[in-house]
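Chemist: Mind having a look at this structure? Questions to follow.
Coordinate-derived values only; no laboratory data. Note that this is a predicted model, so its numbers are computed, not measured. As a convention, Cβ positions derive from the backbone with ideal geometry for all residues, glycine included, and neighbour counts pool all protein chains shown.
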Amino acid sequence: MEAREAPGPAKRADADLDALLTLVARGDQGAFEALYERLARPAYGLIRKVLRDPAQSEEVVQEVLLEVWRTASRFDPAKGGAATWVLTIAHRRAVDRVRSEAAAAGREQRTSQAAGAARDDVADSVEATLDAELLRRCLAGLSDVQRESITLAYYGGYTYPEVAKLLEVALGTIKSRIRDGLNRLRDCLGVS
Amino acid sequence: MRLPRRDLHSLAGPYALDALDAGERDRFERHLERCPRCQDEVRRMSQTATALAMAAAAEPPAGVKERVLAAVAVTPQLPPVTTRDRPRVSLGAAPRAARRYPRLVTAIAAVAVAAAVVLGGLLAVTRHQLDSAQAHNQEIATVLAAPDARIASAPVTGGGTATVVVSHAENKLIFTSAGLPELAPTQVYELWLLGPGSARPAGLLPEPVAGKTAPVLASGFTAEDKMGMTVEPSGGTSSPTTTPILVMPLPE
């Protein structure tokens, strides 16, 4: 990975994770365990946030971690860091699960009860880590629609048309609020 | 909803948050392959999403780590994607089975973590066995999908690891192994259900491929039974003739 700027702590940590995942791809179980120590908590917390149900979250996080092991050779550092790769898999799996459940259980009910639910729990259940504290402050700096679009989509597992419906905002507006909100978040968080 | 192509790039944000339905996601991913600007945008936005994930960290329930590591120990990994076609190897079962892998993955994708343990075993199955393995597979999937399915691993005396997935509700269990020492051609690993004062035969292990054996399905056990394994003459015996190299309690 070439560094255009001096790597901050976060960036160095990412590089370590990339190296670990590369070892995992070669069948190194010790490296996998080290990777587990670093990423199992975010993966589980994220899945839990989307799925809410502890038993299902446990099942999905196990699937995800095993998928990381199985498909580690497909990780390409050029396309983003190891944490992003792993957590993207985790999020995708959680969202797929919540949507298939929703399809089975009836979409309407879920949509009607969710608007308020996702609003505050971003900050509520996150642990009092620096990450969470910084994120809380950065989220607070967004407009209401930006913040809610992002949290409903990412933590709630909703599609953007569903988010538009929940917030009673036009589709095009949601897309641009998500983009603007993510860009502002990135600046605020100092994500490289 | 279908967007004209020129509007597709506006989906980078929703895509990075997984906020597209399956159809739009596919469409956007095809677009992404040809749009370096979108790739860059998705990469940056995904990193921001990662910060959202990191902030949500929570401790996984007890046992998750052990189960995942046990599964990892017996689960084969996908080879890297190479730019040239991989040379086709016509000898040996493993490469042939490997080509069927994606289909098997799809077939069992829905089942729990232990599925991959068994997939590891399925890789060991030769091609002509695969059709009957599909039926077998179905039965295995039933065990894995059972809400009460539990997994446990134990070391085998002399080397290797045994893994058992049990559903007490289905009264079925699956046995796989990795890294067992190679036997003489006249010998076989035989499984036993060991109860108080009794040993019932529970199947013979197939030939390992790449160190792993295909799953063996057994039923008719009680909660007190233990899983046992001995080395026996080819064809197996009706009661153990050697000292067990494995005695493990069934996970509850």
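Chemist: What is the fewest-to-most order of A:Asp16, B:Asp225, A:Asp144 by other Cβ atoms lying within 10 Å of their Cβ?
Modeler: Result, fewest neighbours first: A:Asp144, A:Asp16, B:Asp225.
Chemist: To continue, here is another question. Evaluate the Kirkwood expression for the hydrodynamic radius of segment B:179-238, namely the inverse of the mean inverse distance over all pairs of different C-alpha atoms, and round to one decimal in Å.
Modeler: Taking every pair of different Cα atoms in segment B:179-238, averaging 1/r and inverting gives 12.3 Å.
Chemist: I need the peptides A:156-165, A:68-77, B:242-251, B:25-34 ranked by packing, meaning the mean over residues of other C-beta atoms within 10 angstrom, with the highest value on top.
Modeler: By packing density, highest mean first, the sequence is A:156-165, A:68-77, B:242-251, B:25-34.
Chemist: Given a Förster radius of 22 Å and the C-beta distance between B:Ser219 and A:Ala55 as r, what FRET efficiency does 1/(1 + (r/R0)^6) yield to the nearest 0.05?
Modeler: The formula returns an efficiency of 0.30 here.
Chemist: Packing-wise, with mean Cβ within 10 Å as the measure, how do B:166-178, B:54-66, A:51-63 rank, highest first?
Modeler: Per-residue Cβ counts within 10 Å, averaged per peptide and sorted highest first, yield B:166-178, A:51-63, B:54-66.
Chemist: Identify all lysines with a Cα-Cα distance to A:Lys79 below 17 Å; exclude those on the same chain that are fewer than 8 residues away in sequence.
Modeler: Leaving aside lysines fewer than 8 places away in the same chain, those within reach of A:Lys79 are A:Lys11.
Chemist: While we're on this one: Taking Rh as the Kirkwood radius, which is the inverse of the mean 1/r over Cα pairs, what is the Rg/Rh value for segment A:8-105?
Modeler: Ratio of gyration radius to Kirkwood radius for segment A:8-105: 1.00.
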